[in-house]
Structures are given as C-alpha cells and as structure tokens.
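A.B. asks: Structure provided below as structure tokens; questions to follow.
The values are calculated or read from the model by the stated rules, or taken from the named source; none is laboratory data. Remember, it's a predicted structure, so these values are computed and weren't measured experimentally. A quick note on method: Cβ atoms are made from the backbone with ideal geometry, for glycine too, and the neighbour counts reach across all protein chains shown. Ligands, DNA and RNA are stripped out before the accessible areas are found, and what is left, the full protein with its side chains, is counted by its heavy atoms. Shrake-Rupley method; radii C 1.70, N 1.55, O 1.52, S 1.80 Å.
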Amino acid sequence: MKPLLLSHFTVTSAIGCGVQQTLASMREQRSGLTPCNFDTVDLPTFIGGVSAVDTIQMPDRLADFDCRNNRLAQLGLEQDGFADAVKAAVAKYGASRIGVFMGTSTSGILQTELAYRRLDPVTGALPSDFVYDKTQNTFSVADFTRQYFGLKGPAVAISSACSSSAKVFGSARRMIETGLIDAAVVGGVDTLCLTTLYGFNSLGLLSTQACRPFDIGRDGISVGEAAAFALLERVPDNSASDAVLLLGIGESSDAYHMSSPHPEGLGARMAMEGALKMAGLEARDIDYINLHGTATQSNDAAESKAVNAVFGNKTPSSSTKGGTGHTLGAAGGVEAVISALALQHGLMPAGLNTRELDPALGVNYLLENREQKISRVLSNSFGFGGTNCSLVFGRAN
Amino acid sequence: MSESSINNSNPVTLSAYIEGIGLIGPSFNDWPSSQPLLTGKQPYQPSKTVLPPPLLLPAAERRRSSDIIKLSLAIMVEAMNAAEVDAASLPSVFTLSNGDGYNCHAINAMLASDDRQISPTRFHNSVHNAAAGYCSIATGAMTPSSVLCAHDASFGAGLLEAMSQVNVDQTRCVLVATDTNYPEPMYSVRKIYDSLGIALVLAPEPSPQTLAKITLSITDAVADQLPDAALEAIRLSIPAARGLPLLAAIALGKPVSVVLDYLDDSRLALTVEPIERQPC
C-alpha cells in the first residue's frame, strides 16, 4: 500500500484525556482500572471509566445526539487540538473530500437500556425523549463526528465488535486510494453499558480484579471506555522525522466460533502476516507488538500461538489493556494511538497488573517500560464473530 | 432512472462487474423470479418475506440463528452460486442499518428487569457483525469481512466499500445488505416492518458470469424512486431496499443511469450496462 500519514491523533480513556495524560500514565505505569461502580451494575469486576464524560454538554444543534457515547466522542475530539486539525483539513481539501470512518460496538445502546426503564406502564411505549437514530443506531457516532465538523464526504460506522476501530484504517485506506476523498477522520468510541458488562459476565469472561493479560492466573477482561481519533492523509513530500505512518493492514476471519478465537490463532496469524505483506516488511522489522491481550484464557493463548508462528518469541510485546481496560470497539483506535506514541517517544509500554507471566505463552512480554528508539510497531485487534485486524505503523525516519 | 448523463459533484468514478445477485424480501424469493416484479412485467403484491433455513450452518449455530443470519446467508449463497465463485475465497462487505431487533429488544427488556442474566447466545448475537460471523462459519471463509452501518444510508455505504475493494485491491468481493424488523416498542421509533436483503458479487474484470457493468460516482442529484407504489413504500421503509432501483435497472436489460439514495446531502449515481452472459 501507499503509506498514509497520521497527521493528528488523540486518545481519551481511563488513563487520561489526551495524549499528554496518556503518555504520563504510560511512563508512570499507572492503571486506570477501578472497582465497578457504573450505574446500577452489581457485578464484582473492574472497569476503566472516563469520569470527565459526565461533565460534557452537547451543543444545541447536536442535542439529539446526546448520549454517553457521543459525549465521550466530543470529549475525545476536543483534546490535543484535533478539532482544529480537522478544520484546517476542511480548509485545505474541502468538506466533501474528507471521509468519516468510526468504529464502535455498542454505540449509544446505554440510552436505550435507560429508556427501557421508563416504558409507559400502560402502553409499553418508549419515552418520547428517546431519539433512536441519533443515539442507539450504530451509525450515530460517525454521524455525530461528521456533523460536529460539518463534513460532507462519505461516512460510515464500522462495527465488527472488538476489531471495529482497527478496521476503520482499512476502509479509509481504500477510499483514499480510490481518489474519492483526500483525508479521513478515523477512530473508535465505545462507552460503558449494561449490555457488555452483563454480556461478558454471562460468558464468564469478566475478571474479578483489574485484568492481567498474559498472567498465569488471568481470569478475564476489565471493560473500559474510550474515544480515539486520527486524521489520515496522503504522505507529503517532506514529513517530520517523528511523523507516524500507517504502513500496512491485515484483515481476516476465523470462520470458527462466534465468541471463541480459533484455538491455534490461525485467523490472527493471517491478519499479522497480511499486515506485514502489505507493508512490504519481514517479521524482524517489527520492534514492538501491541497485543490484543484481553486477559481471557482463550485470547491470550491463541494470540501467543499466532505471534510465535509469525515472530518467534523475541519481539518485545505487551497489552495495554491492563491500563485502559478492554475498550471493545474503541480498542483498535486506542492502541493505534498508543502505538503512535510508542514510536514518537521511544517508549514500549509495560503490561500492567500482570504478576507472573504464563510460561505456556512464550511471548517476550514486557513487565517494565522499555525506552529506546523504535521504528515500527504492529498492533492487533480481534473480535467476536472471529474478526481479526492487524495494523503496522512506522516512523517517517 | 434515465438514459441521460448525470452531473456529479465528485469527478471520481469506480467501476465493477456484477457476477451474481441474491435477493429476498416481501414477495421476493430469489433474483430470477423477482426480475419481472421489478420491471413491472408482473404485478407486484407484497407478501411477508419468507426466509429459508440456514442449512449450511452446523447444528449448534443453526439453532442459534436469527432472521438476519438466515437472510444474510441465503442471499449471499444465491449470489455466489450465480457467480460460480468459491464462497471461501471471497472477501465480504456486510452492511445493515440495525442488527437483530428481537434480540436487542429482549436484552434491553432483561436489563431493565430484576433478572439481568442475559444468555451468552443473546450476547454474541447482539454484535453488529453476528451475521458476518455466522456466514464465515457456514462457508469457511477466512477472508476479510467489513461490517458497516450508516443508518438509512447503509446500502450506499456498503456499495461504496465494496466498489473500493474491487477497484483498489483488484479483488472480487460479495456485498451483503440486509435489514430485519424490530418488534414494539422499538418498531415505533424504527419502522422497518419486514426483512429484505440484497447480495451482489462484484468483480474487477469481466468474466463469462458477468451480468452487468456498473460505474459509480457521488452526486447531489435526487434519488430515483420506484414507479410502483408498493415497491416504493418498501424502498423507503427498509434501508437495504434503497438498492432496489439498481436491481430494477439490471433487470431491465438495457443501458440506464440510476441514482441511489445515500446520505442526506449526497447520493450515488450509477450507470448500468448489461452484458449478455456467455454460453458455457
């Protein structure tokens, strides 16, 4: 593929609003996971919440979009000068030449969950202030982002569970290459809701502690929420040496099971190999792997087999979900930004909460931060339905 | 639909060759028998959509499959059989404006009750890519699958993604655009009253299976309506049916231009050139 420039990016999660707070948390190896106190949830688990989302007011013109997911989207896109960067891109390319590709798994479903508590006791009707299309519908966060910026180009939500906001890079890459657009706002936003907390609980996949990826005693995920955005453009003739480029994308399906990964990690392996191939790179060219690393028994086992098959057991790797929690449809975008920060700042982040590595997994899993200049990072995102996506990012120089 | 050219707001065009079509919806049981209904050669009288059982799925998955899974699998298989392509080899684009509405309602009702213990099957069927996941299990396709939503613009968004794959990656792909209905109380806020699905196998080059060449651009022209009032009502009610004018154009069997609904401020202009299938 022709590399693309991540000209601007931002992330807001349990470890910070914006890249400076995020980077500081990474340097301090600080986790954002706390015992679950969300809404009326009565599950013994930990969450990665973003408390600042409760302070967000939507502008009047976008009032119909008001829900936790779009509030978090707004909080996120107002960090790090990202909104100004998009406005500058509109001035440069025109609003109809910028596409929007947003990943989400649950969109604004919390709004519907809350509305169902207020059904008319006689008719069973939803409350009249419930706005389905601007909140619950999966397109909502893409539509919100498009309207927030006044963009006029193609727009879509990508919703393939926990690969959603990695896959947005693939769709944006293709549409930029067609020439239909010159730039793309890509990202992912998912917020806490009862569906995912009780859903993962039903599968026995919620950790009772802060999640411990690749630990011998790992017992499941900690659900988190996050918003991540990036502005993708063609690479200019001269870019800064620490500019971050998207070099390759690999996508595959497991064709195995709805909620369990392929036991040998075959689909994951195909995604990683596909990303390397598209980037024109060999496994040895990758300096750091940001693992999907959810801390479920099955994901970490399958992913380590796949990583071993492609990379062997030497490449420094970690999962950053011990800090952020598993932000589901936002995870690919969050970890793309963390990969970009790793490249710009020469910081391979430690995997947090993990006390005793599972020796059966055989991955060079970082338990402490490692600081050194790195040139290329691979980031994995896998999801329910057997959907896999790997991204390769690199420094311009 | 018109035979005149269309003024486009974006000069870029994308072309693809349609090799197979799948269609199920109200009174639409498959693509061959639906063509005279779409061209007006036979009168159209809507009757409830009939979904075939998902025989390709293993027994466990078959038991857990909902309408959107049955619909997606049936139209995808019809299109791929017509195109004579190996199902396991095709990248796919799934686009749907909603997921499984009955499952969504059941989960929301449980979460608002005293018993919030939703079942694992309900949970994994709630993901927007449930149909994509079941279809890959059914066909064994380990190929990439993009799963999209653009509310009422979902058909257009899916067609754009599929055409981008065909043009940029020079690959065949299958587009599966589906919607199924919501029960009350959701129906009152999302009035999709029945199921409809359209599948297209798209290719970068012509082949003996080619039915038509389509060329797409983004336009601000007004979307074409369907001349039959009952068909037009379906086009407006079911987002996947926004693609019906394209199928009607293909069924006509002569070169035409057609404008499909897309986002509030843009539509998709398509030229359709039928291609006579080569005898085997």
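A.B. asks: Leaving ligands, DNA and RNA out of it, rank B:R116, A:R117 by accessible area with a 1.4 Å probe, largest first.
C.D. replies: Largest to smallest exposure gives the sequence A:R117, B:R116.
A.B. asks: Roughly how much accessible area, to the nearest 100 Å², goes out of reach of solvent when A and B pair up, both sides summed, probe 1.4 Å?
C.D. replies: It comes to approximately 4900 Å² buried between A and B.
A.B. asks: Taking a point 7 angstrom from the Cα of B:T171 along the C-beta vector, which residues in the range A:256-297 have backbone N less than 12 Å away?
C.D. replies: Output list for this probe position: A:271, A:274-275, A:278.
A.B. asks: Now, a different point. Tally Lys and Arg at +1 and Asp and Glu at -1 over the other residues with C-beta under 11 Å from the C-beta of A:A309: what net charge comes out?
C.D. replies: Once all neighbours under 11 Å are counted, the net charge is -1.
A.B. asks: Please give me, ordered by residue number, the GluC sites (Glu not before Pro) of the range B:1-105 that lie in loop per DSSP and have at most 13 other Cβ atoms within 10 Å.
C.D. replies: Hits after loop and neighbour filter: B:E3, B:E84.
A.B. asks: Taking the Cα centre of each part, how many Å lie between the range A:333-363 and the range A:1-50?
C.D. replies: 13 Å
A.B. asks: How much area per residue is accessible in chain A when the probe is 1.4 Å and only protein heavy atoms are counted (Å²)?
C.D. replies: Per residue, chain A has an accessible area of 31 Å².
A.B. asks: Give me the residues in the range B:171-196 whose solvent-accessible area, probe 1.4 Å, is reduced by at least 30 Å² once all protein chains are included instead of the chain isolated.
C.D. replies: B:P185, B:M186, B:V189
A.B. asks: Right, here's the next one. Output the DSSP H helices from chain B with an along-axis C-alpha extent of no less than 20 Å and a mean Kyte-Doolittle hydropathy no less than 1.0.
C.D. replies: Span-like helices, by this rule, are B:67-83.
A.B. asks: What ratio of Cα Rg to 2.2 N^0.38 Å holds for the range A:241-359?
C.D. replies: Dividing the Cα radius of gyration by 2.2 N^0.38 Å gives 1.04.
A.B. asks: In addition: Once you order the gyration tensor axes a ≥ b ≥ c over the Cα atoms, which shape class does chain B get: rounded for a/c under 1.5, otherwise prolate or oblate by comparing a/b with b/c?
C.D. replies: prolate
A.B. asks: Any idea how far the Cα center of the range A:121-154 sits from the one of the range B:127-206, in Å?
C.D. replies: That distance is 20 Å.
A.B. asks: Please compute the modelled spin-label separation between A:R370 and B:S188, points set 7 Å along Cα→Cβ, answer in nm with one decimal.
C.D. replies: Result for the modelled spin labels: 5.9 nm.
A.B. asks: Helix-only mean residue ellipticity at 222 nm, chain A, DSSP H runs n ≥ 4 weighted -39,500 (n - 2.57), per residue, nearest 500. What is it?
C.D. replies: Computed mean residue ellipticity for chain A: -9500 deg cm²/dmol.
A.B. asks: Okay, next question. Assign one of three labels to chain A, namely rounded, prolate or oblate, based on the Cα gyration tensor with a ≥ b ≥ c the square roots of its eigenvalues; rounded applies when a/c is under 1.5, prolate when it is not and a/b is larger than b/c, and oblate otherwise.
C.D. replies: oblate
A.B. asks: Taking the inverse of the average 1/r across all pairs of different Cα atoms in the protein assembly as shown, what Kirkwood radius in Å do you get?
C.D. replies: So the Kirkwood estimate lands at 24.6 Å.
A.B. asks: Next question, about the same structure. Per residue, how many Å² of accessible area does the range B:19-208 show with a 1.4 Å probe?
C.D. replies: Here the per-residue accessible area is 33 Å².
A.B. asks: Of the cross-linked pairs A:K167/B:K191; A:K152/B:K48; A:K2/A:K167; A:K314/A:K373; A:K152/B:K70; A:K87/A:K373, which ones have a Cα-Cα span greater than 27 Å in the structure shown?
C.D. replies: A:K167/B:K191; A:K152/B:K48; A:K152/B:K70; A:K87/A:K373
A.B. asks: Need one number: nm distance between label points at B:V222 and B:S207, each 7 Å from Cα along Cα→Cβ, rounded to one decimal.
C.D. replies: 4.0 nm
A.B. asks: Separate question: Tally up the carbon and sulfur contribution to the accessible surface of the protein assembly as shown as a whole percent, 1.4 Å probe, everything protein left in place.
C.D. replies: Answer for the protein assembly as shown: carbon and sulfur cover 49 percent of the accessible area.
A.B. asks: Right, another one. Summing +1 for each Lys or Arg and -1 for each Asp or Glu, what net charge is found among the other residues whose Cβ lies under 14 Å from the Cβ of B:V85?
C.D. replies: -4
A.B. asks: Another one. Accessible area, 1.4 Å probe, largest first: how do A:D66, A:D54 sort?
C.D. replies: If we order A:D66, A:D54 from most to least accessible, we get A:D54, A:D66.
A.B. asks: Can I ask one more? Mind checking the full-extension length gain between A:R355 and A:R27? Use 0.36 nm per residue of separation minus the Cα-Cα distance, one decimal, nm.
C.D. replies: Taking 0.36 nm per residue and subtracting the Cα distance, the gain is 116.2 nm.
A.B. asks: Could you compute how much accessible surface A:V141 exposes when probed at 1.4 Å, giving the result in Å² to the nearest 10?
C.D. replies: The accessible area of A:V141 comes to roughly 0 Å².
A.B. asks: Find, among the trypsin sites (Lys or Arg not before Pro) in the range B:197-280, those assigned to loop by DSSP (not H, G, I, E, B) with at most 14 other beta-carbon atoms within 10 angstrom.
C.D. replies: Loop-located and lightly packed - B:R277.
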